[in-house]
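The values are calculated or read from the model by the stated rules, or taken from the named source; none is laboratory data. Quantities reported herein were computed from a predicted structural model and do not represent experimental measurements. Glycine gets a Cβ as well: all are built from the backbone with ideal geometry, and neighbour counts include every protein chain shown.
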Amino acid sequence: MGKMAAAVGSVATLASEPGEDAFRKLFRFYRQSQPGTADLGGVIDFSAAHTARGTGPNAHKVVRSQLSVSSVSEHDAHRAGLQPVSKWQAYGLEGYPGFIFIPNPFLPGYQWHWVKQCLKLYSQKPNVCNLDKHMTREETQDLWEQSKEFLRYKEVNKRQPRSLLEKLRWVTLGYHYNWDNKKYSADHYTPFPSDLAFLSEQVAAACGFQGFRAEAGILNYYRLDSTLGIHVDKSELDHSKPLLSFSFGQSAIFLLGGLKRDEAPTAMFMHSGDIMVMSGFSRLLNHAVPRVLPNPEGESLPHCLEMPLPAVLPRDSVIEPCSVEDWQVCASYLKTARVNMTVRQVLATDQDFPLEPVEDKKGDITTGFCHLDDQNSPVKRARIDADS
C-alpha cells in the first residue's frame, strides 16, 4: 500500500509541475510506464474487488452508477450476448458526471463473436480503413482472407512480416468521417452492422438513453506499441447522445481528463469486455490511450476469452457461431493486440447534415479523432493529429 500511495503522490506531483500541460505529462508518464511496478499504482481497476469496497488508491473517486434495469429485457440482453442488466456492475467517477464504466457484462464466450466481427467482417469493403490510403481497393478487398494463414501459423514462424490485419489501424462504419475537414458526410455512407447496432441500443437503453441510434462507428486496432493521442470527440452534430466504447483483447490504460489539457486526467484500466459510456458533461472531455499492456502471463489471452462461444445460440440471437479455425486466427491476433469499437449517434432526431459547411475553429487540433500511433513507426507524432 505504501508503494501505491507513493506512486499516486509522484503522479500528482508530476502533473502539477510547471511547463507542459498536465494531460500531456501524464500521457508520457503512462506511455513509458512499466507493468508490475509502482508506476501503475494509481490506475483505477473497476474490475477489482477493492473498488466495490471503497479501498485502495483513487478508490475514493469511484461511485456506483444506477442502471435502467427494466429498459432491457433479459431476452434482448441474451440476444446481444450480454448478461441480464440486473447482474451488471456499473461505476462512475467523482467529478465526471455522465461517465459510466461497466466491467465486462458479456456472457461467457460471447466476446468471441464481436472479436471475429471486428477482424473478419467489419474490416471488409465497402468500409473504409487506414490501408486505403496506400493500397488499391482490390488489395484491401478482404483483409481476413489475405491474413488468416499468416496469423494461424504465427507461432511457428514469429519472424515473418506482419499480415495486413496486423497493419490495420482503423475502420469506419456508417457515416464516414472525413479526416481532412473533420466532418461527417452523407456522401459516403456504408450500412451500419445490424448486430453492432442492436448491441449498442441495449447498452444505451440500460444506461438511460432510450432511442439511441448507432449511425457511425470507429474501430481502432491496437498493437502493443500503439497509442491513441489526446483528443475530444465533438464532430457529431448531436452531443446529447452518448459515446459507447467496447474493448476486446489485451488491456490498456485510459486517461479521462477535463475540458482543458491543463487539467490532470484520471487513469483507469480497460480490460477485455469492458464498456465505457461518455455522456452529458463527460461527452466532450479530453481523453487518450497512452499504453496497451501485455498480458502478465506472457503471450496469452485474458481468461475471459478462453471459454468458447456456446454451440447452441438463441434462435433470434444477433450472435453468430464462430468456428474453431476462425477463433485460432482471432486468438493469434489478440495475443499481441487490442480492438476497440466506439459507436456514436451523429444526428439528432429529424436532423439533416447542413447544406453549408460549418467553419472549423482555427488552431483546434483536438476536434474529432486522432491518430492511432505505433511508437516504432518511422514517423513518431510528437503532437496530436486530428484524425484517426
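Residue 203 satisfies every condition listed in (1) more than 20 Å from the chain's Cα centre (by Cα); (2) in a helix (DSSP H, G or I) except (1). Selection within the range 41-69: residues that are among the polar types (S, T, N, Q) and modelled with pLDDT under 70. The member of this set that is farthest from residue 201 (Cα to Cα) is 55. Consider residue 120 carefully, then state whether it is of a type in the set (D, E, K, R) and either at pLDDT 95 or above or buried (at least 20 other Cβ atoms within 10 Å of the Cβ) (or both). Yes: the conditions hold for residue 120. In the range 312-326, the residues that are of a type outside the set (A, V, I, L, M) reach residues that are in a loop (DSSP other than H, G, I, E, B) and surrounded by 12 or more Cβ atoms within 10 Å (Cβ to Cβ) with C-beta atoms within less than 6 angstrom, at least six apart or across chains, in these pairs: 322/309.
Among the residues of the range 218-236, those that are closer than 17 Å to residue 279 by Cβ and not β-branched (Val, Ile, Thr) comprise 233, 234, 235, 236.
Selection of the range 123-153 for residues being under 24 Å from the mean Cα position of the chain (by Cα), in contact (Cβ under 8 Å) with a residue 24 or more places away in the chain and not in a loop (DSSP other than H, G, I, E, B) yields 128, 129, 130, 131, 143, 144, 147, 148, 151. Please indicate, with yes or no, whether at least one residue in the range 89-112 is assigned to a helix (DSSP H, G or I) and touching a Phe, Trp or Tyr at 6+ places or on another chain (Cβ under 7 Å). Checked against the condition, which is being assigned to a helix (DSSP H, G or I) and touching a Phe, Trp or Tyr at 6+ places or on another chain (Cβ under 7 Å), the range 89-112 yields at least one hit. Taken over the range 93-106, the residue count meeting the criterion of being surrounded by 20 or more Cβ atoms within 10 Å (Cβ to Cβ) and either modelled with pLDDT under 95 or more than 17 Å from the chain's Cα centre (by Cα) (or both) is 2. Return yes when residue 186 is surrounded by fewer than 23 Cβ atoms within 10 Å (Cβ to Cβ), touching a strand residue (DSSP E or B) at 6+ places or on another chain (Cβ under 8 Å) and more than 16 Å from residue 129 (Cβ to Cβ) and no when it is not. Criteria met by residue 186.
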